[in-house]
Structures are given as C-alpha cells and as structure tokens.
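Visitor: A single structure is presented below for examination.
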Amino acid sequence: MRVIGICRFSYPALGGFKRMHDTIEDREAYLYAPERMELRFRHFETLTLPSIAGQKRKDFTFLVLIGESLPKPYRDRLYDLTSGIEQVKIVESVPMRHRLAMQLAIKEELGDDKTESIQFRLDDDDAVGVNFVRSLRWFVKQSAAMRRKWRYMAIEFNHGYSVQLSDQGIMAEDVLTPFWACGLAVLFRASDPRTVMNFAHHKLHHSMPTVINPTPYMYLRSKHDDNDSAANYKTGPLHPLTDKERALFKAQFNVDEDQVKAVFSAPPARVD
C-alpha cells in the first residue's frame, strides 16, 4: 500500500487561487515577490517540514509541486531545506490548472503500482501530527471488512489547532472542524483513475463513506495575511502556548516554538 501526500509550493497555476491575475507573468510576479516568499518559506520550514520529517512511519512519499519558473535562489533554498528528508520529492511543472497538475504528479508517482493508495493534501504553511501516516495505515487495516464494497473511503482527523506564528512565538486556538484539508486523507483501490485532487475536501462526505476520529490532535493550520482562504478562515481568540501545549506541539507535531522564534526573527534571505 502506498501513502502519498502532496503540497503545492507557490506553484503558478492557471486558476486555483482566490486572488485572480490576468496573465501567468502577473501571477508569478505576485507569487515570487520576496516578502511573500519569505513568509511562505518560514512557515514551510517551521510547520510543514518538521511534521513530515517527524512521521513515526517512514514509508510514504511527500510530493512538493513547484513551477519550472521558480527563481533559482528559491529553488536552491527549497532543495536545501528538504535535502535531509528522504520522503520529500520535488516535482516541477509548467503552468496548468492546479488540480490537474497535482493529479498528474500523484499518478506519475504511483506509476504502474497495482496496490491501494492513501492520498492526502497539505498546504505549505500547515502541519500534521507525527502519527498521521501510522494512523492512516492503522485505519485502513482495521476497516478492511467494513469497506469491502466501497470504492473510496475518507479518513478524517478533525481535531487540531489554528496557529499564528511570529518572532514572539506561537499563538494558538484549540479547534474541532469539519473537513479541512489538513488531517484528511482518501483511500483508493489499485489502478483507480482518480486521486485526492479530484474531490473538493470540504465535500468528501458527499461522495464516499467517511471515518472520523476527533480524539487526537492531528493538524496545525496557520493563519496569516497571505492565506488564500483568509476571508473564510475565521479563528476565535488566540492565546500564547502554555507549557503543556508547547510540549504537545513538540511531541505531537515536531514543531518547536524556539525554532519558530529564531526563524521569524532572522533577517530575510538574500535573493541575489
């Protein structure tokens, strides 16, 4: 069984963003603006990558989709940050519809494998619990008899935190949410032509049976000024981490508040 996650990192898609642009050149200028890229890299480095690197089960692949036009300083920085995580595979693509680009990346990674696959998507500024891959595999094993006649099955962990990162550390809110992309995965039968990107994550339960586990903390979703879905992403009051939460974030997500402070306090990287 394959487990494949996918993340787009400032990929210049045709559509797929709330902010619209007239041309690909306009979109690339927006995406690759130094201030924006610094914000994305800082979240990616302190949230997404630690949670991927810290997975208790290592038998999975995490695809990171970028544009072929990503400027060399950013490409080099991305490859450097991910070089020590063997599960990460960077995929470069020409501009196309973002769902199609991600579907093609997943199908190419699956290749001719005649096996089931568990697929998940994750934004480049979010994190999943270090038990995420292990828990997905456990659910698939335990549900074998129940899902015998099901084409698909969604698995959702709907308990986590909204977070806001800065040079002061992490502000957080404990949340229980319906069908956010983080903490969610879909099981596919062997050779199925569809992928997780063929479905809108907030409507998965309209298309397939879903198993929901609200018990463990399984995601961190960040809130900042560059959230593409900022208008629909409303948080409640955020609070500084308690000592207990600080320990939880490290143990459950491999996210270290001291690293957050250091990375967000550092001067922006040069883009020469």
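Visitor: Return the residues of region 141-157 that are aromatic (F, W, Y) and without any contact (Cβ under 8 Å) to a residue 60 or more places away in the chain; say none if nothing qualifies.
Guide: W150, Y152
Visitor: Quick check: anything in region 63-77 touching a residue at least 40 places away in the same chain (Cβ under 8 Å) and farther than 26 Å from E25 by Cβ? Steps first, please.
Guide: The initial filter retains those residues of region 63-77 that are touching a residue at least 40 places away in the same chain (Cβ under 8 Å), namely 63-67, 69-71, 73-74, 77.
Still in the list and also farther than 26 Å from E25 by Cβ: none.
For region 63-77, residues touching a residue at least 40 places away in the same chain (Cβ under 8 Å) and farther than 26 Å from E25 by Cβ: absent.
Visitor: Additional query: Restricting the first residue to region 172-184 and requiring it to be in a loop (DSSP other than H, G, I, E, B), which pairs with a second residue that is surrounded by fewer than 17 Cβ atoms within 10 Å (Cβ to Cβ) and not aliphatic (A, V, I, L, M) meet a Cβ separation below 8 Å and a spacing of at least six or different chains?
Guide: Once the first residue is in a loop (DSSP other than H, G, I, E, B) and sits in region 172-184, its partners that are surrounded by fewer than 17 Cβ atoms within 10 Å (Cβ to Cβ) and not aliphatic (A, V, I, L, M) give P178/H202; F179/H202; F179/K203; F179/H205; W180/H202.
Visitor: While we're here: Just one of the numbered conditions (1) surrounded by fewer than 20 Cβ atoms within 10 Å (Cβ to Cβ); (2) at pLDDT 95 or above; (3) touching a strand residue (DSSP E or B) at 6+ places or on another chain (Cβ under 9 Å) is not true of S117; which one?
Guide: So S117 meets the others, but not (1).
Visitor: Pairs please, first residue from region 86-112 and without any contact (Cβ under 8 Å) to a residue 40 or more places away in the chain and buried (at least 19 other Cβ atoms within 10 Å of the Cβ), second anywhere and assigned to a helix (DSSP H, G or I) and of a type in the set (S, T, Y), Cβ atoms under 6 Å, 6+ apart in sequence or on different chains.
Guide: V88/T82
Visitor: Tell me the residue from L14, L70 that is surrounded by fewer than 18 Cβ atoms within 10 Å (Cβ to Cβ), out of contact with any Phe, Trp or Tyr (no Cβ under 6 Å at 6 or more places or on another chain) and not in a helix (DSSP H, G or I), please. I'd like the intermediate steps shown before the answer.
Guide: Values: L70 fails: surrounded by fewer than 18 Cβ atoms within 10 Å (Cβ to Cβ).
Only one candidate qualifies: L14.
Visitor: If you don't mind, another one. Would you check if there is a residue in region 188-201 being farther than 30 Å from F249 by Cα and assigned to a helix (DSSP H, G or I)?
Guide: Yes, region 188-201 has at least one match.
Visitor: Something else: If you check D80, D76, D59, D26, which single one turns out to be open to solvent by 40 Å² or more (accessible area, probe 1.4 Å) and part of a loop (DSSP other than H, G, I, E, B)?
Guide: Testing whether each residue is open to solvent by 40 Å² or more (accessible area, probe 1.4 Å) and part of a loop (DSSP other than H, G, I, E, B) leaves just D59.
Visitor: Please specify each residue of region 132-150 satisfying the condition of being open to solvent by 40 Å² or more (accessible area, probe 1.4 Å) and more than 30 Å from F249 (Cβ to Cβ).
Guide: Those that are open to solvent by 40 Å² or more (accessible area, probe 1.4 Å) and more than 30 Å from F249 (Cβ to Cβ): A144, A145, M146, R148, K149, W150.
Visitor: What do you reckon, is G129 buried (at least 16 other Cβ atoms within 10 Å of the Cβ) and either out of contact with any Cys (no Cβ under 6 Å at 6 or more places or on another chain) or touching a residue at least 12 places away in the same chain (Cβ under 8 Å) (or both)?
Guide: Taking the combined requirement at face value, the residue satisfies it.
Visitor: Of all residues in region 83-108, which are assigned to a helix (DSSP H, G or I) and within 24 Å of H43 (Cβ to Cβ)?
Guide: Result: H98, R99, A101, M102, A105, I106.
Visitor: Which pairs turn up if I take residues in region 230-249 that are within 11 Å of Q164 (Cβ to Cβ) and look for partners that are open to solvent by 60 Å² or more (accessible area, probe 1.4 Å) and modelled with pLDDT of 90 or more with beta carbon separation below 7 Å, at least 6 apart in sequence or on another chain?
Guide: L238/Q164; L238/M171; H239/M171; P240/M171
Visitor: I'd like the residue in region 236-272 that is among the charged types (D, E, K, R) and open to solvent by 60 Å² or more (accessible area, probe 1.4 Å) and, out of all such residues, is nearest to H224 (Cα to Cα).
Guide: Filtering region 236-272 for residues that are among the charged types (D, E, K, R) and open to solvent by 60 Å² or more (accessible area, probe 1.4 Å), the one nearest to H224 (Cα to Cα) comes out as K261.
The values are calculated or read from the model by the stated rules, or taken from the named source; none is laboratory data. If you're wondering where the values come from, they're calculated on a predicted model, not measured in any experiment. All Cβ positions, glycine included, derive from the backbone under ideal geometry; neighbour counts span all protein chains shown. Calculation scope for accessible area: heavy atoms of the full protein, side chains included, ligands and nucleic acids excluded. Shrake-Rupley method; radii C 1.70, N 1.55, O 1.52, S 1.80 Å.
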